[in-house]
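*Asks:* First, the structure itself, so that you have it in front of you.
Here, each number is a calculation from the coordinates, and none is a lab measurement. No experiment lies behind these values; they were computed from the predicted model shown. Cβ sites come from the backbone with ideal geometry, for glycine too, and all protein chains shown count toward neighbours.
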Amino acid sequence: MKSWSTPAPRALPVQPDRLRVFDTATQALRHPGNDARTASLYVCGITPYDATHLGHATTYVSFDLLQRYWLAAGLEVAYTQNVTDVDDPLLERAEAMGVDWRELAREQTDLFRSDMEALNVLAPDHYVGATEAIDLVVRAVEAMLEGGTAYRVPGTDGEPDGDVYFDSAAAQARGGWTLGSVSAMDRAQMEEVFPERGGDPGRPGKRDPLDPLLWRVHREGEPAWDGGALGSGRPGWHIECSAIAREHLPAPFTVQGGGSDLRFPHHEFSAAHATAVDGRPLAHTFLHSGMVALDGQKMSKSLGNLELVSRLRARGVEPVAIRAAILDRHYRSDWEWSEDLLTAAEERVARWRSALDGPHADAGAAVLAAAHTALSEDLDAPAALRVLDTWADGTLDGLSATAEPLPVADVVDALLGLRLR
Ligand code: 5CA
Ligand code: ZN
């Protein structure tokens with residue numbers, strides 16, 4: 001589907017790639033990828049309703065920072081993102097609102113795109129809806145059935161024959177993946193979160209309660225697509241991202257990203273499915289952004305405790321201030337959105353802007369070096385913003401060193417995505 005469009009960041013003097021990020025799978029800081037010239041990124045996209053709340057925005061701004069770091073280091077970046085434009089929560093919401101689910105998805109995806117443009121989030125090269133990836137999913141599920149890592153579940157009361165599930169035990173026996181190797185969770189933790197995040201541990205006929213759904217055969221009143229030998233139906237959730245990533249990115253790609261609510265089961269099984277199909281790991285490094293809360297609880301569509309980017313924009317809040325508020329929290333921390341954070345960010349943006357009229361407006365080389373160093377250590381954006389504060393105060397090291405004039409406004413825009421002008 002159509003992506004959005006953001007101006008390409010200005011080319012900066014190339015910085016060394018010294019990036020280390022915290023990989024969920026190994027629970028350690030590591031340099032993502034082995035390739036000095038290219039990097040590839042998949043970030044799990046929205047399920048299009050109640051977009052774009054500040055939690056979503058934080059996740060996409062966090063991974064935008066990663067892409068901007070790579071670009072500043074001279075790497076060529078391939079970026080793919082999905083839209084879960086058919087899934088239970090979307091269908092349920094559309095039903096509750098009395099609207100067509102396709103219409104709801106279209107409208108919310110449009111709103112998301114305009115919010116991403118406003119927040120200066122670089123667009124993915126491939127922006128792919130689940131409904132556009134049915135063939136890819138069907139082929140992958142067929143391959144798993146043939147390879148013995150998927151099985152059909154017989155019908156029970158009210159459930160038809162033929163739903164296809166992933167066989168976790170068989171996939172582990174084949175090698176290349178073990179349960180928990182991506183999420184770094186133990187069995188008890190996995191069992192706790194599985195039902196909260198779309199899993200159905202109690203479905204009769206499953207070989208392991210944690211086995212996830214791959215293909216849901218058609219039910220009366222639900223949308224369905226031709227699934228060839230699978231029968232008419234629709235995709236499970238994890239196979240959607242697995243198949244889209246495999247189609248559009250190298251195997252393995254550099255970084256799989258999303259919020260920490262996707263560690264398990266989503267990223268665990270997206271990776272497991274890919275390996276079950278072709279024997280290769282899905283991604284080199286797994287990065288998870290923290291959860292943003294409001295009123296003491298994780299901001300979520302189902303709870304309804306939301307602050308929307310579009311609502312703030314309609315109120316006249318500048319997107320650059322929203323972005324600055326987001327960047328002032330480390331991407332891995334859980335934090336709570338508040339009006340005070342926004343006010344502080346607005347004041348800071350105003351200070352940076354007035355410094356652009358001061359004597360150090362062209363000291364971009366010093367700002368770039370210091371901010372890039374801050375980002376190298378697990379994308380420490382709060383430290384990068386403090387670099388801007390010291391620049392504005394005139395106390396940043398290296399301000400008086402002679403270097404080619406480089407507009408600070410351009411550095412801040414390209415590296416941090418903050419449009420001060
Ligand atoms: N469509 C799936 C991913 S394939 C999904 O999780 N959609 S979502 O709309 O629920 O979330 C979109 C992205 O925002 C995901 O990466 C998710 O991890 C992230 N996210 C959702 N809620 C929050 C939150 N409160 N704080 C931070 N990130 C969040
Ligand atoms: Zn996903």
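*Asks:* Could you size up the charge dipole of the range 362-416 around its Cα centre, putting +1 on the beta carbon of Lys and Arg and -1 on that of Asp and Glu, and report it in debye to the nearest 20? Don't skip to the answer; put the middle values down first.
*Replies:* Details: 1 positive and 10 negative charges, 11 e Å.
Charge dipole of the range 362-416: 60 debye, to the nearest 20.
*Asks:* Quick one: Ser302, Ser289, fewest Cβ neighbours within 10 Å first, how do they rank?
*Replies:* Ascending number of Cβ neighbours within 10 Å: Ser302, Ser289.
*Asks:* Given the options Leu262, Leu303, Leu145, state which has the largest fluctuation in a GNM of the chain using a 10 Å cut-off (strictly under) for Cα springs.
*Replies:* Leu303
*Asks:* Okay, moving on. Work through the residues other than Trp391 whose Cβ is under 11 Å from its Cβ and net out their charges, Lys, Arg +1 and Asp, Glu -1.
*Replies:* Local charge sum for Trp391: -1.
*Asks:* What does the net charge come to around Leu406 if you take all other residues with beta carbon closer than 13 Å to its beta carbon, with K and R at +1 and D and E at -1?
*Replies:* -3
*Asks:* For Lys206, which lysines qualify as cross-link partners when the Cα separation must be under 27 Å and same-chain residues fewer than eight apart are set aside?
*Replies:* none
*Asks:* How would you rank Glu268, Glu404, Glu132, going from fewest to most other Cβ atoms within 10 Å of each one's own Cβ?
*Replies:* Numbers: Glu268 28, Glu404 8, Glu132 14.
Least to most surrounded, the residues fall as Glu404, Glu132, Glu268.
*Asks:* All other residues with a Cβ under 13 Å from the Cβ of Glu196 taken together, and with Lys, Arg as +1 and Asp, Glu as -1, what is their net charge?
*Replies:* Taking every Cβ under 13 Å from that of Glu196, the sum is -1.
*Asks:* State the volume of the convex hull built on the alpha-carbon positions of the chain, expressed per residue in Å³ and rounded to an integer.
*Replies:* Considering the Cα atoms of the chain, their hull volume per residue is 133 Å³.
*Asks:* Suppose the chain between Ser354 and Glu146 were pulled fully straight at 0.36 nm per residue; how much longer would it get relative to their current alpha carbon spacing?
*Replies:* Going from the current span to full extension adds 68.4 nm.
*Asks:* Given His372, Ala325, Ala344, which one lies farthest toward the positive end of the charge dipole of the range 319-394, if we put +1 on the Cβ of every Lys and Arg and -1 on the Cβ of every Asp and Glu?
*Replies:* His372
*Asks:* Please give the Cα centre distance for the range 105-166 versus the range 369-405, rounded to the nearest Å.
*Replies:* 42
*Asks:* Determine, for each peptide in 225-237, 5-17, 78-90, the mean count of other beta carbons within 10 angstrom over its residues, then list the peptides with the highest first.
*Replies:* Final packing ranking: 78-90, 225-237, 5-17.
*Asks:* For the residues Thr402, Thr343, Thr373, Thr47, what sequence is obtained by ranking on other C-beta atoms within 10 Å, fewest first? Intermediate values should be presented prior to the final figure.
*Replies:* Details: Thr402 6, Thr343 12, Thr373 16, Thr47 23.
In increasing order of surrounding Cβ atoms, one gets Thr402, Thr343, Thr373, Thr47.
*Asks:* In deg cm²/dmol, rounded to 500, what helix-only [θ] at 222 nm does the chain give when every DSSP H run of at least 4 residues adds -39500 (n - 2.57) and the total is split over its residues?
*Replies:* -12000 deg cm²/dmol
*Asks:* Taking 0.36 nm per residue of sequence separation and subtracting the Cα-Cα distance, how much length would be gained by fully extending the chain between Asp362 and Asp135, in nm to one decimal?
*Replies:* Gain on extension, Asp362 to Asp135, equals 76.5 nm.
*Asks:* Let me ask something else about it. Using a Förster distance of 41 angstrom, determine the FRET efficiency expected from the C-beta separation of Glu347 and Ala96, and round it to 0.05.
*Replies:* Values: r = 40 Å, r/R0 = 0.98.
The calculated FRET efficiency here is 0.50.
*Asks:* Sticking with this structure for a sec: Pick out, from Phe194, Tyr165, Leu287, the residue whose Cα sits farthest towards the positive end of the charge dipole of the range 26-309, with +1 on the Cβ of Lys and Arg and -1 on the Cβ of Asp and Glu.
*Replies:* Value: Leu287.
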